[in-house]
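Derivation of every value follows stated rules applied to the coordinates shown; laboratory data play no part. Predicted model only: the values in this text are computed from it and were never measured. With ideal geometry, Cβ positions are generated from the backbone for all residues, glycine too; neighbour counts draw on all protein chains shown.
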Amino acid sequence: MISLPGAPHLAYTQNRLTLDGMDLQALGAQYGTPLYVYSAAAMRTAAQAYLQALQGRPHLLCYAMKANSNLAVLQLFARMGLGFDIVSGGELQRVLAAGGQAAKVVFSGVGKTRAEMVLALHSGVRCFNVESEAELRVLSEVASRENLPARVSLRVNPDVDARTHPYISTGLKGNKFGVAHDRALALYAQARTLPGLQVVGIDCHIGSQITETDPYLDALDRVLDLVEAVEAQGTSIHHLDLGGGLGITYTDEQPPSAQALVGAMLQRIDARGHGHREIFLEPGRSLVGNAGVLLTEALYLKPAQADELAQGGRHFCIVDAAMNDLMRPALYEAWMGIVECVRHPADTVASQTWDVVGPVCESGDWLGRERPLAVRAGDTLAVLSAGAYGMTMASNYNTRGRAAEVMIDAGSVHLVRERETPAQLFAGERLIR
């Protein structure tokens, strides 16, 4: 058995790729491709690492469900006692449909509508993470009208560089998220006087796919400075919401473990005399990213001729998954591992460098460039670390139905989302009569 880096639940067994012991080539044949496959055990292991690190502390671990919002994933975390970080009214309804508790939900996002605020207030969410003065005033108006108090924290932008991709950096002055650090003190004073609001905490989130501890500690120091100033003004801060963003291994990244990161932050919190406060964390990618793969069939091989290669030509492996199934490579130029589900003997299929591309009519429709693969048409490939920001960002571009999803749990395979049909895609559309 050969395990793969960053994916302990994946292994080659007799040259066949398995996830939690299940043959992925066989799953692709049974359910069709493209197909997302998730390991429940991997998700539980990742969540348990955070829970163990927080043991003995007042805490709320909220899964940032934008990473993967399948109902079965939410159900798994709800059964573990986790809360949820949401960014829309639709996500709140998903949480409730999956058996999650609104009292363990924090509502983030820069553009909450009045209708979403009403839904969240009547559902009884734990806290609104407010991201602007304008939102603060609207929430006060809505809460007063509904006669339901809104528990709030301000999402403070600490102007700390998380040293990650610009599209997933959220803590700099040029980002749209949160309120400026130097404006936060005045906004807390304002929140204390606005009707319908109850100040309960402070929130900070600096980005995603962060692979170092220092940016978290830099942001934490700025947040604690602000907490001390806010309380000196007479506003009590009950909880510290330290966000999420811990990275995973896609290639050679070596992010700190959940235990190491949380331990370092708790040590800093204690050293500064804030150990009595409740801690909120909002991990997303680090709970589900390495727990999933995307299976795709190699439809055609389109190798370049020698003269074409000399002029910049490339070998193309055309697969049935596309940018509508997995947006990260096209959107971020993200690198994701791609491996064969069955390893052929070297004397039958030679390894060659391929660009793995999809059938969508866009030059940006690629899953991986210059990948060494021993592949032939009809083979199944696995895109690794696809459990986060895969299906949740999928679209129906080119009238392509979104993939099916399955969950492996305790030796059983569960279909947790059926593949979409073309008829479902245009069922809500109407011809002009």
Original post:
Lys/Arg Cβ at +1, Asp/Glu Cβ at -1, dipole of the chain taken about the Cα centre: which of CYS204, GLN48, LEU139 is farthest positive-ward?
Top reply: LEU139
Original post:
³J(HN,Hα) across the stretch 323-340 via Karplus (A = 6.51, B = -1.76, C = 1.60, θ = phi - 60°), whole Hz, x for Gly/Pro?
Top reply: 4, 6, 7, 9, 7, 4, x, 6, 7, 10, 6, 6, 8, 10, x, 9, 9, 6
**OP:** Starting from the stretch 233-290, pick out the trypsin sites (Lys or Arg not before Pro) whose DSSP state is loop and whose Cβ has at most 15 other Cβ atoms within 10 Å.
**Re:** ARG272
Subject >> Of GLY378, GLY364, PRO422, farthest towards positive along the dipole that unit charges on Lys, Arg, Asp, Glu beta carbons give the stretch 338-433 >> reply: PRO422
**OP:** Put one equal scatterer on each alpha carbon of the chain, apply the Debye formula with no solvent term, and list log10 I(q)/I(0) at q = 0.09, 0.10 1/Å to two decimals.
**Re:** -0.61, -0.74
**OP:** Report Rg (one decimal) and Dmax (nearest whole number) for the stretch 233-275, counting Cα atoms only, units Å.
**Re:** 14.3, 48
Original post:
Which residue, THR392, THR421, THR213, tops the fluctuation ranking in a GNM of the chain built on C-alpha contacts under 10 Å?
Top reply: THR421
**OP:** Could you pull out every residue, at least 5 positions away or on a different chain, whose amide H is within less than 5 Å of the one on THR33? Hs are placed 1.01 Å off N in the peptide plane, and Pro or chain starts have none.
**Re:** none
Original post:
Using a Gaussian network model of the chain with C-alpha springs under 10 Å, which one of MET43, MET80, MET327 is most mobile by mean-square fluctuation?
Top reply: MET80
Original post:
Short version: ³J(HN,Hα) in whole Hz for each residue of the stretch 60-73, in order, from phi by Karplus 6.51 cos²θ - 1.76 cosθ + 1.60 (θ = phi - 60°), x for Gly and Pro, what are they?
Top reply: 9, 8, 10, 6, 6, 6, 4, 5, 6, 9, 4, 4, 5, 5
**OP:** Taking the convex hull of the Cα atoms, report for the stretch 108-283 its projected area averaged over all directions, in nm².
**Re:** 10.1
**OP:** Distance between Cα centroids, the stretch 23-52 to the stretch 327-370: provide it in whole Å.
**Re:** 20
**OP:** Determine the sum of side-chain charges near LEU60: Lys and Arg each +1, Asp and Glu each -1, restricted to other residues whose C-beta is under 15 angstrom from that of LEU60.
**Re:** 0
Subject >> From the C-alpha gyration tensor of the stretch 193-332, square roots of 5λ in Å >> reply: 47, 17, 14
Original post:
Per 5 Å bin, what is the whole-percent P(r) computed from every C-alpha pair distance within the stretch 278-392?
Top reply: 2, 11, 20, 22, 18, 12, 6, 3, 2, 1, 1, 0, 0, 0
Subject >> Ordering of 361-373, 123-135 by packing [mean C-beta count within 10 Å, highest first] >> reply: 123-135, 361-373
**OP:** Report ³J(HN,Hα) in whole Hz for each residue of the stretch 50-55, in order, from the Karplus equation J = 6.51 cos²θ - 1.76 cosθ + 1.60 where θ = phi - 60°; Gly and Pro get x.
**Re:** 5, 4, 5, 5, 8, 4
**OP:** Quote the charge dipole size of the chain about the Cα centre in Debye, to the nearest 20; the model charges only the Cβ of Lys and Arg (+1) and of Asp and Glu (-1).
**Re:** 1020
Original post:
What 222 nm value per residue comes from the helices of the chain, counting each DSSP H run with n ≥ 4 as -39,500 (n - 2.57) and dividing by all residues, nearest 500 deg cm²/dmol?
Top reply: -8500 deg cm²/dmol
Subject >> Cβ-based charge dipole, the chain, positive-most Cα from PRO195, GLY89, ALA7 >> reply: PRO195
**OP:** Give me the angle, in degrees from 0 to 90, between the Cα long axis of helix 114-123 and the longest principal axis of the Cα atoms of the chain, rounded to the nearest 10.
**Re:** 80
**OP:** Kindly provide the GluC sites (Glu not before Pro) of the stretch 264-339 that DSSP labels as loop, not H, G, I, E or B, and whose Cβ sees at most 12 other Cβ atoms within 10 Å.
**Re:** GLU333
Original post:
For the stretch 108-283, with only Lys/Arg (+1) and Asp/Glu (-1) charged at the beta-carbon, what is the dipole magnitude about the Cα centre, in debye rounded to 20?
Top reply: 600
Subject >> For VAL179, distant residues with modelled amide H under 5 Å away >> reply: ARG155, VAL156, ASN157
**OP:** Search the structure for amide H atoms under 5 Å from the amide H of VAL406, placed 1.01 Å from N in the peptide plane, and list their residues when 5 or more places away or on another chain.
**Re:** TYR36, VAL37, TYR38, VAL416
**OP:** May I ask for the equivalent-ellipsoid semi-axes of the stretch 241-305, computed as the square root of five times each C-alpha gyration tensor eigenvalue and listed largest first in whole Å?
**Re:** 41, 13, 8
Subject >> chymotrypsin sites (Phe, Trp or Tyr not before Pro) restricted to the stretch 299-334 and DSSP loop, no more than 15 other C-beta within 10 Å >> reply: none
